[in-house]
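Here's the structure we're looking at; comments come further down.
The values are calculated or read from the model by the stated rules, or taken from the named source; none is laboratory data. Every value quoted in this text rests on a predicted model; they were computed, and no experiment measured them. Note that each Cβ is placed from the backbone with ideal geometry, even for glycine, and that neighbours are counted across all protein chains shown. Side chains included, ligands, DNA and RNA excluded: accessible areas come from the protein's heavy atoms. Shrake-Rupley method; radii C 1.70, N 1.55, O 1.52, S 1.80 Å.
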Amino acid sequence: MKYRFLYVLALCVVLLSGNATAGFLNAEEFYLNNGMQVIVVPNHRTPIVKHMVWYRTGAADEVAGKGGSAHLLEHLMFRGTKKVPGNELNNLLEVNGASSNAFTGQDMTTYHQLLDVSRLELAMFLEADRMTNLHISDEDFATERDIVFQERKERIDNDPMGYFREAVNRALWQTHPYAKPVIGIDEEIKLLEKDDVWEYYKAKYNPSNAILVMSGDIDVDTAKKLAQKYYGNIEVNGIKNEKKFADLSEGSKVVVDMKSSHIKGFRVLKNWAAPSFATNKEDVYNLYVLAEYMGGGKTAKLYKKLVEEKKKALDVAVKYNPIARSYGVFAISVVPADDVRPEEILQELEKSWTEALEELSIDELEKTKQKMLAGLIYWRDNPEDAAYMVGAMAVAGVSLQEIEQQDAKIKAVRYKEVKKAAEKLWNDAPQVIGILRPKGDDDNA
């Protein structure tokens, strides 16, 4: 299955209460009697709808020793039900001009279709059906488990950067559930049994643990009728996922130093377990702006300093993702110039970070914020991007009111608070430094 980048924001029948929330998306939400949350984002520019079902469960919720079960279940959800057997789901969507896919993360598993509004009911029928009527044959299970195992080999074990990033992630999170790779590890994937996946499905896949997002050419009244028709009568057989995560120790620092015979140059990562909407949303917007200022493209500070001015790096990227049920991640990745060793680039990175913070002015801050606000307009005007971000934030526990206030929250970010958040992140947040060297490199050179 394809994995879509979820950090768009850094660019960026009886129903219960149905409160409209005025904001830049003009989205509305309501709840079905079975607890299913429904969010509607109207956009009538074209007759298409993005239909998404987000489950509040992912790799972080797997039973110990059963790694990969959430991702394997995602694969099996395309293997048919008693009503729609085999590959018929994909065939029906394809002949009706719809694109369909899914992805699994630490906190969520999501199934989605983009289609003409006249075909929306087909997608809703199919998605509601496999929420409760999944059929897993022994043959299908064995086939998909092998596919996931091979996917693991290709994307992680045989990819130096994939393997390296997994090691860095594991070192950062230690015993936290986020340390587990979404795809699972070899030993656990091979030992998974059909009952493991079936128990996960029965416990986690139910309407009270799901969020339905419809974005595009649909009004709220129609959405209510259709949501009730297709999802409203599904019984709650499992539980709503309200998993609690332990806090991480401040100030922890780990270094991962690896070698690979399949790369020619060095790679350096510096990652922090950062504030998220779930842990400290007051700092989220400060760090959003900081990430854009430091690494939002080739006009950003770290790129200018390390690549253009000091000639110490070939590329620098900064990413911040606070959309999580536990901590978020603030990450800097650097490709050093050919004659620059990792130890030197780490020193230069710290110097450049300090210089960039010193050069941050109110004018620079306002320019960064204006760039981000322009990006939000593109996000708002694209039904697909709007659906992804609304769903991702909602499944992480962010209220619709907060989602609607993204532009106002960015406008409210202040100079002193950004600097304070930057210093706290760099000095106090749990962090890991990752160094990937070509095999044969002399560490003492």
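The dipole here belongs to region 214-298: it is taken about the Cα centre, uses +1 on the Cβ of Lys and Arg and -1 on the Cβ of Asp and Glu, and is about 480 debye. Taking the Cα centre of each part, how many Å lie between region 97-173 and region 260-336? With region 97-173 and region 260-336 each reduced to a Cα centre, they are spaced 27 Å.
Note on the chain: along the principal axes its Cα atoms extend 66, 50, 39 Å, ordered by decreasing extent. Near residue 160, within a Cβ-to-Cβ distance under 12 Å, what is the net charge of the other residues, with Lys and Arg +1 and Asp and Glu -1? Net of charged neighbours comes to +4. Taking amide H as placed 1.01 Å from N in the peptide plane, the amide H of residue 109 sits under 5 Å from that of 55, 57, each at least 5 places away or on another chain. Evaluating 6.51 cos²θ - 1.76 cosθ + 1.60 at θ = phi - 60° for every residue in region 76-90, the Karplus couplings come out as 5, 5, 9, 9, x, 10, 5, 7, 10, x, x, 8, 5, 4, 4 Hz, glycine and proline recorded as x.
Annotation: amide H-H contacts under 5 Å for residue 324 (H modelled 1.01 Å from N, sequence separation of 5 or more, or interchain): 277, 278. Measuring against 18 Å, Cα to Cα, the residue pairs 83/224; 204/224; 180/264; 304/351; 153/190 contain 83/224; 204/224; 180/264 as the ones spanning a longer distance. Let me know the shape class of region 248-303, please: from the alpha-carbon gyration tensor, a ≥ b ≥ c as square roots of the eigenvalues, rounded when a/c is under 1.5, otherwise prolate if a/b is greater than b/c, or oblate. Oblate, since a/c reaches 1.5 and b/c is not below a/b. Rolled with a 1.4 Å probe across the full set of protein chains, the surface gives residue 229 an accessible area near 120 Å². Each label point was placed 7 Å from the Cα along the Cα-to-Cβ direction; for residue 319 and residue 239 their separation is 3.2 nm.
Once R0 is set to 45 Å, what does the formula 1/(1 + (r/R0)^6) return for the Cβ-Cβ distance between residue 252 and residue 63, expressed as a FRET efficiency to the nearest 0.05?
For R0 = 45 Å, the calculated efficiency reads 0.95.
In the context of the full protein assembly, residue 388 retains an accessible surface of approximately 10 Å², using a probe radius of 1.4 Å and ignoring ligands and nucleic acids. The relative contact order of region 325-415 comes to 32 percent, based on Cα pairs under 8 Å that sit 6 or more residues apart.
Here the scattering of region 131-224 is modelled by Debye summation over its C-alpha atoms, one equal scatterer each and no solvent; at q = 0.12, 0.14 Å⁻¹ the log10 of I(q)/I(0) is -0.61, -0.77. Residue 170 contributes an accessible area of around 110 Å² to the protein surface, as traced by a 1.4 Å probe with all chains present. Listed by chain and number, the aspartates and glutamates whose alpha-carbon sits under 13 Å from that of residue 298, ignoring those within fewer than 8 places in the same chain, are 308, 309, 315.
Please work out how much length the chain gains when fully extended from residue 411 to residue 343, using 0.36 nm per residue of separation minus the C-alpha to C-alpha distance, in nm with one decimal.
Residue separation times 0.36 nm, minus the Cα-Cα distance, leaves 20.7 nm.
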